[in-house]
Structure formats: C-alpha cells, structure tokens
Amino acid sequence: MADKKIGEYYTPPVKMGKWEGFKKFLWNSETSQCLGRTGSSWAKILLFYIIFYAALTGFFAAIFTVFYQTLDSEKPKWMLDNGLIGSNPGLGFRPMPPEANVESTLVWYESSKKDNYQYWVDETARFLKYHTYEDEDKQNHVNCSFEHPPPEGKVCGVEASSFAPCTIENNFGYHVARPCIFLKLNKIYNWIPEIYNDSKTLPNHMPDELKQHIKEKQQLRPNETGVVWVSCEGENPADVENIKARDYYPRMGFPRFYFPFKNINGYIPPIVAVQFTVETGVLINIECKAWARNINHDRSDRRGSVHFELMVD
C-alpha cells in the first residue's frame with residue numbers, strides 16, 4: 001500500500017476585495033494571464049477569428065460577385081410582363097399635399113390669400129425644376145417633334161415655358177380659381193404605347209370630348225395623332241357641373257416620341273399641365289386617365305388613372 005502523503009490539505013484562495021479581484025483578472029502576475037488567458041491562448045483565438053472572418057468575407061464576396069454578373073446596370077433583367085412593375089403604367093399628379101397629409105389627395109387653398117396658396121406654387125415650381133433638369137447638364141437633349149423623333153442615344157428635352165400659361169410667373173393659376181395640375185406617366189423600361197390614332201376605332205367608354213379632339217386632329221393634323229391621350233373628368237354628375245373648363249398644355253397627352261424609356265442619361269418623361277376652371281367653395285372629385293390600346297384602367301391598383309380632389313375657396 002502506497003504511503004499516504006502527510007500534510008497535504010486544500011488551501012482556499014485568499015479572499016480579496018472587488019477591486020483587488022478585478023485587477024488580478026486584468027493581469028495575473030503569478031500565471032501571466034490577461035483577462036483569464038495567457039498570451040499564447042490569446043494569439044490562438046485571435047488567429048482563429050481572423051481566418052474565420054476572412055473566409056466568411058471571401059465567401060460572401062464571391063456570392064455577390066456571381067450575383068452582380070447576372071445584372072445589367074443599364075436595364076432591368078426582367079422587363080414588362082416578366083417584371084414586378086408589369087406593362088401597364090400608372091398616372092401620377094403634382095403638386096402633392098404636405099407630407100403631414102401623406103395619405104391625402106386633396107388640393108385645397110384660398111385664392112385670395114397668398115400665404116395660403118403659396119405652398120402649392122412652391123411645390124409645383126420645385127417639381128418642374130427637378131423634372132426639367134433645369135440645373136443639370138443637357139448634353140443628350142435634342143428638340144423633338146412628331147416629324148423628328150430623337151436619334152439613337154439622345155432624349156427629348158422639356159421646357160417649362162411650353163406649359164404657358166401654367167408658369168410660375170402666373171402662380172400656376174393658384175391666385176385665381178384656375179389651378180394647374182401636372183400629370184406624369186410612370187416610367188417602364190422599353191414600354192411602347194399602342195396609340196389611338198384612328199377616330200373610328202376608339203373605345204366606347206372614352207370621353208366624348210377626347211373623341212372629338214382626336215377626330216379633329218386626324219382631319220387637320222394627322223401627323224400629330226401619335227399621342228398617349230389624357231382626359232380629366234368629374235367623377236360624379238355634380239363634379240362634372242362644377243368643372244367649368246379644363247385646358248391641356250402643351251397638348252392633350254404625352255407624345256409618342258418620348259417612348260420607349262431606355263434609361264439614357266438625361267431622359268425626361270413627358271408631363272401635361274391641366275388647368276381647371278372650377279366653381280369655388282365646393283369639393284370636386286376628379287379622375288384623369290391615360291389612353292392607349294395597351295393601357296388598362298384600374299383605380300384600385302392605380303393603373304392608367306389617377307384620382308384627386310380639388311377645392312378652391
């Protein structure tokens with residue numbers, strides 16, 4: 001039987017205060033440990049994490065490299081009916097109500113108080129300045145017409161003066177009961193409108209005013225019928241009565257030579273100014289629609305049309 005060692009007993013650690021224990025945890029001179037680990041232990045764990053995160057970074061970098069090889073910076077991979085946007089453009093309007101009323105579509109002001117209607121003037125001017133690239137380089141811009149569409153690699157310009165009398169000099173009509181509302185068609189890459197240019201094949205639900213306008217254009221200026229037409233109507237009989245007149249500038253729609261959108265630098269989508277002459281003191285519900293054979297109207301999905309309310313006090 002092995003001899004028992006005499007005098008060997010468990011010795012409890014020396015009791016230390018919190019501060020002394022913390023200092024010993026930071027650096028233990030007896031075991032040469034810092035934060036509970038020796039230098040070699042820290043070196044091993046540091047090397048492990050360097051290799052681990054380097055491999056992880058390399059893995060994700062390789063994944064993103066392969067992913068971006070499938071994308072084109074100039075055009076979407078999935079277009080028209082194959083994409084989420086689809087091939088039915090939506091219609092939008094400007095100016096929009098203040099951000100505090102982000103869900104609202106009401107344009108409401110007092111024409112006799114400048115401080116009341118000034119917001120709508122400033123908001124419209126800001127939209128036109130951005131939309132016409134007033135401060136941007138226009139090297140790709142050319143003057144377009146129905147006879148002279150833009151050449152390859154060029155885009156049509158937009159001049160704010162073409163919307164007269166809907167100009168900032170005239171306060172866009174907000175100082176009187178003749179406000180100007182600007183309409184824009186959403187951009188869809190490579191979408192080409194199928195134009196209504198024959199008065200004999202117009203849809204039955206198209207407004208009579210627009211039908212007559214197309215008929216007159218076809219008779220007098222048939223080369224100017226290449227347009228995505230626009231109409232704005234009161235939604236209810238009372239709304240129709242309260243709209244005294246409406247005028248479209250520079251024309252009653254979006255010219256075909258602005259399409260298709262090819263993401264060319266400097267491209268400006270076409271816009272139309274609609275000046276309404278309305279009865280004051282009443283709320284008027286208005287719906288505007290864009291017309292082409294490949295534009296379907298669906299208010300719930302905001303396709304091909306836009307709704308807003310107008311009230312002038």
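Out of the residues in the range 72-128 that are of a type in the set (S, T, N, Q) and closer than 24 Å to residue 289 by Cβ, which is modelled with the highest pLDDT?
Taking the range 72-128 and keeping what is of a type in the set (S, T, N, Q), we get 73, 82, 87-88, 101, 104-105, 111-112, 116, 118, 124.
The next check asks that each one be closer than 24 Å to residue 289 by Cβ; those that pass are 87-88, 104-105, 124.
Numbers: 87: 83, 88: 88, 104: 85, 105: 89, 124: 93.
Going through the qualifying residues, I end up with 124.
In this structure, is residue 123 exposed (fewer than 13 other Cβ atoms within 10 Å of the Cβ) and under 21 Å from the mean Cα position of the chain (by Cα)?
Details: exposed (fewer than 13 other Cβ atoms within 10 Å of the Cβ): no; under 21 Å from the mean Cα position of the chain (by Cα): yes.
So residue 123 does not fit the description; no.
Restricting 224, 169 to those that are assigned by the TED database to the domain that holds residue 243 and at pLDDT 90 or above reduces the list to 169.
Scanning the range 177-221 for residues that are of a type in the set (Ser, Thr, Tyr) and either within 16 Å of residue 255 (Cβ to Cβ) or crowded, with 20+ Cβ neighbours inside 10 Å (or both) gives a single hit, 196.
Would you be able to say whether some residue in the range 205-227 is part of a strand (DSSP E or B), on the phi < 0 side of the Ramachandran plot and touching a helix residue (DSSP H, G or I) at 6+ places or on another chain (Cβ under 7 Å)?
In the first step, residues of the range 205-227 are kept if they are part of a strand (DSSP E or B); the result is 227.
Still in the list and also on the phi < 0 side of the Ramachandran plot: 227.
When the remaining residues are screened for being touching a helix residue (DSSP H, G or I) at 6+ places or on another chain (Cβ under 7 Å), the result is 227.
Checked the range 205-227: at least one residue is part of a strand (DSSP E or B), on the phi < 0 side of the Ramachandran plot and touching a helix residue (DSSP H, G or I) at 6+ places or on another chain (Cβ under 7 Å).
Number of residues in the range 275-293 that are more than 22 Å from the chain's Cα centre (by Cα) and not aliphatic (A, V, I, L, M): the value is 8. The single condition from (1) touching a His at 6+ places or on another chain (Cβ under 7 Å); (2) within 17 Å of residue 206 (Cα to Cα) that residue 295 fails is (1). Just to be sure, is residue 43 at pLDDT 90 or above, assigned to a helix (DSSP H, G or I), farther than 30 Å from residue 263 by Cα and of a type outside the set (Phe, Trp, Tyr)? No: the conditions fail for residue 43. The single condition from (1) buried (at least 20 other Cβ atoms within 10 Å of the Cβ); (2) of a type in the set (S, T, N, Q); (3) part of a helix (DSSP H, G or I) that residue 231 fails is (3).
Among the residues of the range 74-81, is there at least one that is within 28 Å of residue 227 (Cα to Cα), open to solvent by 50 Å² or more (accessible area, probe 1.4 Å) and part of a helix (DSSP H, G or I)? Yes, because at least one residue in the range 74-81 is within 28 Å of residue 227 (Cα to Cα), open to solvent by 50 Å² or more (accessible area, probe 1.4 Å) and part of a helix (DSSP H, G or I).
The values are calculated or read from the model by the stated rules, or taken from the named source; none is laboratory data. Keep in mind the model is a prediction, meaning the values are calculated, not measured. So basically every Cβ, Gly included, is an ideal-geometry build from the backbone, and we count neighbours across all protein chains shown. For accessibility, only protein heavy atoms count, side chains too; no ligands or nucleic acids. Shrake-Rupley method; radii C 1.70, N 1.55, O 1.52, S 1.80 Å.
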